[in-house]
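Encoded as structure tokens, the structure appears first; notes follow it.
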Amino acid sequence: MGPIAHSLAALTAIGLSPALALALLVRPALRAHMGERLGRLPAELALGEAPIYVHASSVGEAKAAARLIEGLEGTGQAVVATSSTVAGRGVLRRDRPHGDSHLFPLDHPWAVEAVLRRARPSLSVLIETELWPSWIAGCARREIPVVVASGRLSDRSFPRYRRVKRLLAPTLSRIDAVGARTERDAERFVELGVPAERVRITGDLKLDPPLGQPALAIDLIRALADVPVVIGGSTHEGEEGALLDAFEATEKIGHGLVMVLAPRDIRRSPEI
């Protein structure tokens, strides 16, 4: 980083300090993970030579990333994986207990530089829509290619990105390749400024069948036979109750169903 970039980073850090202090005061649990957020990786980190750095937002994206990581490690490639949430990091650590899985740093140049200096990745892979400007700029400074895998721009998020298209332009111009989920996602990345020749349609990691998919238990096969399956996906507090009420009412009038509930926050599973 040059002197101007360092000065801007310092001013940003000073400006954000009160907000960070307030957050730590209001949510003490954040303190336990602040070292990782500031870019401190464990001293015992067992990094391979020039690892690929794979970053996923939270639980769902971490599960999708795990499939990609499995394929990379199957070729002997070293991988460092991160998530923006503690729950996502937990998924990565559960699915690959042998590997390095951590929290993604705050998107500030100092935290980003600390991670890049320690990890020294050969490639950065961002899952879906993790378009962090300081991270992407830091990779560009170190000539580390940045790839978006399973690239996604939803109907909800795309208008917001389009409104700040000019601000996003420097970030998107630094992305070396985008593997978009669908044709619509590919078109949206191009509209926001990613050169068309860098965008390909590669599908959705979340929908790809896992390698070595286990067979269903016989009782589950019987339960699913010839009945409608209702899925409550990424549910929040209060939504499960409404689904279960509807489920009960449907059963009372003689319709058999199977319901699958998948809460947005997996820590709520015992409560549900």
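The values are calculated or read from the model by the stated rules, or taken from the named source; none is laboratory data. As the structure is a computational prediction, the values presented were derived from the model and not from experiment. Don't worry about glycine lacking a Cβ; one is built from the backbone with ideal geometry, like all the others, and counts go over all protein chains shown. All accessible areas refer to the heavy atoms of the entire protein, side chains included, with ligands and DNA or RNA removed. Shrake-Rupley method; radii C 1.70, N 1.55, O 1.52, S 1.80 Å.
Take G76 and decide whether it is outside any helix (DSSP H, G or I), open to solvent by 10 Å² or more (accessible area, probe 1.4 Å) and at pLDDT below 95. So G76 passes the test.
Rundown of residues vs (1) within 17 Å of V59 (Cα to Cα); (2) open to solvent by 50 Å² or more (accessible area, probe 1.4 Å); (3) β-branched (V, I, T), yes/no style:
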site: S83; (1), (2), (3): yes, no, no
site: G88; (1), (2), (3): yes, no, no
site: V91; (1), (2), (3): yes, no, yes
site: D100; (1), (2), (3): yes, no, no
site: H108; (1), (2), (3): no, no, no
site: V112; (1), (2), (3): no, no, yes
site: L116; (1), (2), (3): no, no, no
site: P121; (1), (2), (3): no, no, no
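Regarding D100, is this residue more than 25 Å from F189 (Cα to Cα) and touching a residue at least 12 places away in the same chain (Cβ under 8 Å)?
yes
Considering A249, A186, which residue is in a helix (DSSP H, G or I) and surrounded by 14 or more Cβ atoms within 10 Å (Cβ to Cβ)? Even if it seems obvious, please write down each step before you answer.
Working: A249 fails: surrounded by 14 or more Cβ atoms within 10 Å (Cβ to Cβ).
The match here is A186.
Considering only residues that are open to solvent by 40 Å² or more (accessible area, probe 1.4 Å) and either in contact with a Pro (Cβ under 7 Å, 6 or more places away or on another chain) or not small (G, A, S) (or both), which ones fall in the stretch 123-146? Give the steps one after another, and end with the answer.
Let us first name the residues in the stretch 123-146 that are open to solvent by 40 Å² or more (accessible area, probe 1.4 Å), namely 123, 132-133, 140-143, 145.
L123, W132, P133, R141, R142, E143, P145 - these are the residues of the stretch 123-146 that are open to solvent by 40 Å² or more (accessible area, probe 1.4 Å) and either in contact with a Pro (Cβ under 7 Å, 6 or more places away or on another chain) or not small (G, A, S) (or both).
If we scan the stretch 192-199, do we find a residue that is touching an Asp or Glu at 6+ places or on another chain (Cβ under 8 Å) and under 18 Å from S83 (Cα atoms)? Looking through the stretch 192-199, none of the residues is touching an Asp or Glu at 6+ places or on another chain (Cβ under 8 Å) and under 18 Å from S83 (Cα atoms). On inspection, G193 passes the criterion of being open to solvent by 30 Å² or more (accessible area, probe 1.4 Å), of a type outside the set (F, W, Y) and in contact with a Ser or Thr (Cβ under 7 Å, 6 or more places away or on another chain).
Yes or no: F158 of a type in the set (F, W, Y), touching a residue at least 40 places away in the same chain (Cβ under 8 Å) and on the phi < 0 side of the Ramachandran plot?
Details: of a type in the set (F, W, Y): yes; touching a residue at least 40 places away in the same chain (Cβ under 8 Å): no; on the phi < 0 side of the Ramachandran plot: yes.
No, not satisfied.
Here I231 fulfils each of the conditions (1) open to solvent by less than 70 Å² (accessible area, probe 1.4 Å); (2) without any contact (Cβ under 8 Å) to a residue 60 or more places away in the chain apart from (1).
Confirm whether A262 is more than 22 Å from S58 (Cα to Cα), without any contact (Cβ under 8 Å) to a residue 40 or more places away in the chain and among the hydrophobic types (A, V, I, L, M, F, W, C). I'd like the intermediate steps shown before the answer.
Details: more than 22 Å from S58 (Cα to Cα): no; without any contact (Cβ under 8 Å) to a residue 40 or more places away in the chain: yes; among the hydrophobic types (A, V, I, L, M, F, W, C): yes.
For A262, the condition - more than 22 Å from S58 (Cα to Cα), without any contact (Cβ under 8 Å) to a residue 40 or more places away in the chain and among the hydrophobic types (A, V, I, L, M, F, W, C) - is not met.
Each residue in the stretch 201-232 was checked for being closer than 27 Å to A180 by Cβ and either touching a helix residue (DSSP H, G or I) at 6+ places or on another chain (Cβ under 7 Å) or at pLDDT 90 or above (or both), and 10 of them qualify. Among the candidates A137, A169, the residue that is in a helix (DSSP H, G or I), within 19 Å of the chain's Cα centre (by Cα), more than 20 Å from L72 (Cβ to Cβ) and not acidic (D, E) is uniquely A137.
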